[in-house]
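What follows is a short report on a single structure.
The values are calculated or read from the model by the stated rules, or taken from the named source; none is laboratory data. The structure displayed is predicted, hence computed values, not measured ones. Virtual Cβ from ideal backbone geometry, glycine too; neighbours counted across all protein chains shown. Each accessible area value is taken on the protein alone, full model and side chains, heavy atoms only, with ligands, DNA and RNA left out. Shrake-Rupley method; radii C 1.70, N 1.55, O 1.52, S 1.80 Å.
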Amino acid sequence: MLKTSTTAGLTGTVLIENSSGSARLTAQHGFSCYIETAGRKILLDAGQDDAFSRNAAVLGKKLDAVDFAVVSHPHYDHAGGIQAFCALNKTAPVYTFWNKKDEYFSTTHSAPGQTARPIGFPLKEKERDRIVSLGKHEITELAANVWFLPATVHSHHTPFKDKTLFIKRDGQPGISSDTFDDEGILVIEIERNGAPELILFNSCSHNGVVNSIESVKKALPEKNITAYIGGFHFPWADGEQIAAEDIEAMNELAAYAVQEKIILYSGHCTGPAAQEYLAGKLGGQFHRLTTGSSFQFPAAARP
């Protein structure tokens, strides 16, 4: 894996999210983030198609300069743009926990007569060699101070709508409930005032945000976690009644974030109603993501 010097800071730019902060940028159900840290550039997810690349051009982010890409989990709204990325960047590996064989389905928004619609990684044969499957499903150091790991803690709440998602495992008949073994957490260590801190990315958090954070603590103990960035899979729209299970999950998450002093950044599959609920609980400790938004760690000093 790529090795470089100690990380000093991190800047992230959202290339695709469900909403847009500018008429010049395309919004899309999906997620993609351009991360710059310690002289390297990382692409986390690529949305559904090439829209993320058009936004990158508008935002001045060079995809051909990306050192490596990471697919958080093999759903089309995160992996669909990988074909476009591979066309623009001829050398960067694309890391994932997906085995390049399993298929994924959802029972929501299915077509008439369709039991479940496919939502998996739309991998083309010519990109297959660019995909690096981290098949051991354990913590992997992708570069110095950059790790990718699965959730290994499952004692806290998980999203209510996970129950609508299914997997067809290679070599097994039929589909079964997805256990999200192929979802990974991207962890980047930064430095603040000479001390190391961790920034966590998890684009959909199907295993649950608290479970994901606790998994990082288990794998990388004695490291302070500053922020958690991504979707939380509470996809509740304005006016929808949030399921009681997700109210409990968000209450647990808010209390945990306050206790642990972790800043939350979220969008995509965290719907507007859920964002409003979390913002009400957390105030300035919760930040909404949109296409074109950016964040920086350590935070830039205010004038």
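For the chain, what does the helix formula give at 222 nm: sum of -39500 (n - 2.57) over DSSP H segments with n ≥ 4, over the residue count, nearest 500 deg cm²/dmol? Intermediate values should be presented prior to the final figure.
On the way: 6 runs with 59 residues, N = 303.
Helices in the chain give a 222 nm mean residue ellipticity of -5500 deg cm²/dmol.
Under a point spin-label approximation (7 Å from Cα along Cα-to-Cβ), what is the S294-A23 distance to one decimal in nm?
Placing both labels 7 Å along Cα→Cβ, they lie 2.3 nm apart.
For the chain, what is the relative contact order in percent, using Cα pairs closer than 8 Å and at least 6 residues apart in sequence?
With pairs under 8 Å counted, the relative contact order is 19 percent.
Please list the equivalent ellipsoid semi-axes of segment 80-210, computed as the square roots of five times the alpha-carbon gyration tensor eigenvalues, in descending order and whole angstrom.
28, 21, 13
Dividing the alpha-carbon radius of gyration of segment 160-303 by 2.2 N^0.38 Å (N being the number of residues), what value is obtained?
On the way: Rg = 16.3 Å, N = 144, 2.2 N^0.38 = 14.5 Å.
This ratio for segment 160-303 stands at 1.12.
What number in nm² do you get for segment 66-142 if you take the convex hull of its Cα atoms and divide its surface by four? Please report the intermediate quantities before stating the final value.
Numbers: hull surface 24.0 nm².
Hull-based average projected area comes out at 6.0 nm².
Between E245 and A57, what's the calculated FRET efficiency when r is the beta-carbon distance and R0 is 51 Å? Round to 0.05.
Working: r = 41 Å, r/R0 = 0.80.
Once the sixth-power term is evaluated, E becomes 0.80.
Return, for the Cα atoms of segment 26-123, the radius of gyration and Dmax in Å, separated by a comma.
Cα-based Rg and Dmax for segment 26-123 come out at 14.3, 51 Å.
In what sequence, largest accessible area first, do Y265, Y104 appear using a 1.4 Å probe?
If we order Y265, Y104 from most to least accessible, we get Y265, Y104.
Once you've got the Cα coordinates, tell me which of K163/K281; K100/K261; K61/K281; K90/K218 are over 28 Å apart. Could the numbers behind the result be given before it?
Values: K163/K281 26 Å; K100/K261 37 Å; K61/K281 34 Å; K90/K218 36 Å.
Exceeds cut-off: K100/K261; K61/K281; K90/K218.
Determine, from the Cβ-Cβ distance of E276 and H109 and an R0 of 22 Å, the FRET efficiency 1/(1 + (r/R0)^6), rounded to the nearest 0.05.
0.40
Which ³J(HN,Hα) values in Hz, rounded to whole numbers, follow from the phi angles of segment 135-151 under the Karplus curve 6.51 cos²θ - 1.76 cosθ + 1.60, where θ = phi - 60° and Gly and Pro get x?
Result, rounded to whole Hz: x, 6, 6, 9, 4, 10, 7, 7, 7, 4, 6, 10, 10, 10, 9, x, 6.
Heavy atoms only, probe 1.4 Å: what % of the accessible area of the chain goes to carbon and sulfur, would you let me know?
Of all accessible area on the chain, carbon and sulfur atoms account for 50 percent.
Could you work out the percent of alpha carbon pairs in the chain separated by over 30 Å, rounded to a whole number?
When all Cα pairs of the chain are counted, 26 percent exceed 30 Å.
Can you list which of the GluC sites (Glu not before Pro) found in segment 151-222 are DSSP loop residues with at most 15 other C-beta atoms within 10 Å?
Answer by residue number: E222.
K100 to T179: extension gain in nm, 0.36 nm per residue of separation minus the Cα-Cα distance?
26.8 nm
Place a +1 charge on the Cβ of each Lys and Arg in the chain and a -1 charge on the Cβ of each Asp and Glu, then give the dipole magnitude about the Cα centre in debye, rounded to the nearest 20.
Values: 28 positive and 34 negative charges, 157 e Å.
Magnitude of the dipole: close to 760 debye.
May I ask which residue of I185, Q259, G280 lies farthest towards the positive end of the charge dipole of the chain, with charges of +1 (Lys, Arg) and -1 (Asp, Glu) on Cβ and the Cα centre as origin?
I185
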